[in-house]
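Structure first, commentary second.
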Amino acid sequence: MSVAQIQIRIGDQVAEEVQVPNEQLIDALRNRTPVTTAPPDPATFYRLYQQVAQSCDAIVSIHVSSRLSETCKAASRAAAQMRIPVHIVDSATCGMSLGYAVLAAARVARAGGNP
C-alpha cells in the first residue's frame, strides 16, 4: 500500500497534507486564512506507480471522490503511461469510508485476489 499525498495550501504556503500540523490548520480556519487543497500532479502518481510496478503486475489505485477532487484525473493521466494495468477507482467517498475500501483492497491483494 502506498500513498500519494494531497497538497494543502494555507494562505501562500503549500505543503503536503502530512506536513501540516492540525493546530496550524485550525488556526488558519479560525483566522479565516484561505485553505485549499490540490491533488498530486500526474508526475507524482507516475513515480509512485513506477515504484509499485517493480513488485507487482497490476495496480489498483483508489481515490477520493471525483466530486470533491481532481485526483482521479491526475492518476488516470499517469496510469495511461504505465506498461502494467493500473485500475483507477473513484471511491465516490472520502474520510474513513475511503480507508475501509483501501483496507479491503489490501486484504484481497494479500490473499492473491484478482485486481
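The values are calculated or read from the model by the stated rules, or taken from the named source; none is laboratory data. For clarity, every value in this text was computed on a predicted model and none was experimentally measured. Here the Cβ positions follow ideal geometry from the backbone for every residue, glycine too, while neighbour counts run over all protein chains shown. The area values use the complete protein model at the heavy-atom level, side chains included, leaving out ligands, DNA and RNA. Shrake-Rupley method; radii C 1.70, N 1.55, O 1.52, S 1.80 Å.
Within the stretch 74-103, can you find the residues that are within 10 Å of Ile62 (Cβ to Cβ) and in contact with a helix residue (DSSP H, G or I) (Cβ under 7 Å, 6 or more places away or on another chain)?
Those that are within 10 Å of Ile62 (Cβ to Cβ) and in contact with a helix residue (DSSP H, G or I) (Cβ under 7 Å, 6 or more places away or on another chain): Ala75, Ile88, Asp90, Ser91.
Can you tell me which residues in the stretch 59-92 are assigned to a strand (DSSP E or B) and either in contact (Cβ under 8 Å) with a residue 60 or more places away in the chain or open to solvent by 70 Å² or more (accessible area, probe 1.4 Å) (or both)? Spell out how you get there, then give the answer.
Quick first cut of the stretch 59-92, residues assigned to a strand (DSSP E or B) only: 59-63, 86-90.
Selection gives His87 alone.
When you look at Ser2, is it part of a loop (DSSP other than H, G, I, E, B), surrounded by 13 or more Cβ atoms within 10 Å (Cβ to Cβ) and among the small types (Gly, Ala, Ser), yes or no?
Spelling it out, it is not the case that Ser2 is part of a loop (DSSP other than H, G, I, E, B), surrounded by 13 or more Cβ atoms within 10 Å (Cβ to Cβ) and among the small types (Gly, Ala, Ser).
Do we have any residue at all in the stretch 21-36 that's touching a Lys or Arg at 6+ places or on another chain (Cβ under 8 Å), open to solvent by 30 Å² or more (accessible area, probe 1.4 Å), closer than 23 Å to Gly113 by Cα and part of a loop (DSSP other than H, G, I, E, B)? Reasoning before the result, please.
Initial filter on the stretch 21-36 (touching a Lys or Arg at 6+ places or on another chain (Cβ under 8 Å)): 34-36.
So of that shortlist, the ones also open to solvent by 30 Å² or more (accessible area, probe 1.4 Å) come out as 34-36.
In the following step, the residues that additionally are closer than 23 Å to Gly113 by Cα were identified as none.
Within the stretch 21-36, none of the residues are touching a Lys or Arg at 6+ places or on another chain (Cβ under 8 Å), open to solvent by 30 Å² or more (accessible area, probe 1.4 Å), closer than 23 Å to Gly113 by Cα and part of a loop (DSSP other than H, G, I, E, B).
Results for (1) within 15 Å of the chain's Cα centre (by Cα); (2) modelled with pLDDT of 90 or more, shown as yes or no for each residue.
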| site | (1), (2) |
| --- | --- |
| Arg9 | no, no |
| Glu16 | yes, no |
| Leu29 | no, yes |
| Ala43 | yes, yes |
| Val64 | yes, yes |
| Arg67 | yes, yes |
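Please specify each residue of the stretch 37-58 satisfying the condition of being out of contact with any strand residue (DSSP E or B) (no Cβ under 8 Å at 6 or more places or on another chain) and either open to solvent by less than 60 Å² (accessible area, probe 1.4 Å) or among the basic types (Lys, Arg) (or both).
Answer for the stretch 37-58, where residues must be out of contact with any strand residue (DSSP E or B) (no Cβ under 8 Å at 6 or more places or on another chain) and either open to solvent by less than 60 Å² (accessible area, probe 1.4 Å) or among the basic types (Lys, Arg) (or both): Pro42, Ala43, Thr44, Arg47, Leu48, Cys56.
Could you check how many residues of the stretch 5-20 are among the polar types (S, T, N, Q) and outside any strand (DSSP E or B)?
2
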